[in-house]
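To start, the structure under review is shown below, and the notes come after it.
Derivation of every value follows stated rules applied to the coordinates shown; laboratory data play no part. Small disclaimer: the values here were computed from a predicted structure and weren't measured. Glycine also receives a Cβ, built like all others from the backbone with ideal geometry; neighbour counts cover every protein chain displayed.
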Amino acid sequence: MLVPATRCCHTAHMRTLGRLLCAAGLLALAGCAGSAGPGAGATAAPGEFPRPAADGEVLAQATVLQKDGEDPQLCLGAVADSYPPLCGGPPILGWDWAVAEQAETASGVTWGSYAITGTWDASAFTVTGPPIPLSLYDPLAQFDPRHDPANVGPSDDSTLLDLQERLHTAEYYPAQITDWSETLILGDGLENGYLWVSVIYDDGSIQKFFDDQWGEGVVAVESALRDVGTSAEGTHTEGAAPGELPRPTSVDELTGRATVLQEEGGQPTVCFGAVDASLPPQCGGPVVTGWDWADVEGAETISGVTSGMYAVTGIWDGGVFRLTQPAIPATRGDPYPAQDPRLLDEDTPGPTDEAVLLQRQDELHAADYDHAANGDWSKITILGDGPENGYLVLDVIYDDGSIQRFFDDQWGAGVMIVQSALRPAD
């Protein structure tokens, strides 16, 4: 979240106009800015507002806008809903409209909204990877728990309003923007018991600056640029681009229980998810190689469809399951993996109430992580989801822990339980 329309900001000309523009959602036009301080990327002296540069790559989800005869800008704040749009932002270096899909041009202005990987030197953003139109991008949700109504800040509105006025009169929060390469603050406002300050980039030093000034838990700093490949704890999620659900594979044997189904003339598939109670049964799943109905017991054929339920062991490459050991009819084989014990202990439910879980479930569905699959089971990871015993439960084909970390990084540990249909073989 950058600066919600309900928050106030500063205008590039006068504060009263800024508040009116904020009410109309024109935060970027209003300026919402702060600058001054040490040189780009330098360590701030005591009392000076930090200007952090990013050590590695960062991700921007923003509008890029360029007027004829001018350099392109990266609009990290709000964008005026006009045609063409109006916004401002720091310089974006290395930008090439020729490789940017879904751009528009009108009245001498070219623009588009993209997810862009690059570097930030505290004054300019330099592109390091091809831009992805936001319409085709699965954003990595970054929910700050301080937005949760259950985590109201300790300060009352009158105190926060006083601090907001002090923020507006600070020398690092000037009355107007003259150079976006010197601008750090995008906007500010009161919400949920905190004074929120939206900045272009924070490595933690800006949050510490305000904590040192006014105490911890008073100001909540939000960074528009996010470090690539790191979670809130600084761990790296291998194999997934920012916002992309991991698709873990295993070179070791995995086992699970599933229905194997083959239509006449088709390939056998292994259904790890739900199976329709019909005759013949109907289900979907990835292809299973190395399968021979002559080698298994318990199969039945109805209307050209052969199926049976089995304990299967094999290798998962992320798209195809390769059988490595003889399948065993499920009635004599390994039982279905037991549920996570946290789901069975009704006396100790999860910490998240159902309303929040349903909100997270809506966010999960809106993200549509498997949207690119278009029904191709070789590209599908998620089998199903639903709230249970105070958790949002997500069933997947296989998780080596990276999918669990992915959602823990988004919503915090203890909100979602990821259950894997395949588990390491004994």
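Ranked highest first by the average count of other Cβ atoms within 10 Å around their residues, in what order do 93-102, 308-317, 75-84 fall?
Numbers: 93-102: 13.4, 308-317: 21.6, 75-84: 19.5.
Final packing ranking: 308-317, 75-84, 93-102.
Among ASP144, ASP156, rank each residue by its count of other Cβ atoms within 10 Å, from fewest to most, as a rough exposure measure.
Working: ASP144 16, ASP156 9.
Neighbour counts put them in this order, fewest first: ASP156, ASP144.
What's the FRET efficiency of ASP317 with GLU346 using the Cβ-Cβ distance as r and R₀ = 30 Å, to the nearest 0.05?
0.20
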**Request:** Would you mind calculating the relative contact order of segment 256-349 from Cα pairs under 8 angstrom and at least 6 residues apart, reporting the percent as a whole number?
**Result:** 28 percent
**Request:** Take the alpha carbon atoms of segment 77-194, find their radius of gyration, then divide it by 2.2 N^0.38 Å using N residues; give the quotient.
**Result:** 1.34
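Which of the peptides 183-189, 86-92, 249-255, 385-391 is most tightly packed, and how do the rest follow, judged by the mean count of other Cβ atoms within 10 Å per residue? Provide the component values of the computation, followed by the final result.
Values: 183-189: 24.7, 86-92: 21.4, 249-255: 14.9, 385-391: 17.6.
Per-residue mean Cβ counts within 10 Å order the peptides as 183-189, 86-92, 385-391, 249-255.
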**Prompt:** What Kirkwood hydrodynamic radius, in Å, does segment 61-105 give when the mean of 1/r is taken over all pairs of distinct Cα atoms and then inverted?
**Reply:** 11.1 Å
**Fill in**
Computed from the beta carbon distance with a Förster radius of 51 Å, FRET efficiency for ALA274 and THR178 to the nearest 0.05 stands at 0.25
**Item:** Hz values of 3J(HN,Hα) by residue in segment 247-258 - Karplus curve (6.51, -1.76, 1.60), Gly and Pro given as x
**Value:** 10, x, 10, 9, 8, 9, 5, 10, 9, x, 10, 7
**Message:** If I model a spin label as a point 7 Å beyond the Cα along the Cα-Cβ vector, how far apart are those points for THR301 and GLU165 in nm?
**Reply:** 8.5 nm
**Item:** Within segment 378-426: Cβ-based charge dipole about Cα centre, in debye rounded to nearest 20 (Lys, Arg +1; Asp, Glu -1)
**Value:** 120 debye
**Request:** Average the reciprocal distances over every distinct pair of alpha-carbons in segment 269-426, invert the result, and give the Kirkwood radius in Å.
**Result:** 17.3 Å
**Fill in**
The alpha-carbon center of segment 193-213 and that of segment 82-108 are separated, in whole Å, by 29 Å
**Request:** Set the Förster distance to 56 Å, then compute FRET efficiency between GLN213 and ARG423 from the Cβ-Cβ distance, nearest 0.05.
**Result:** 0.65
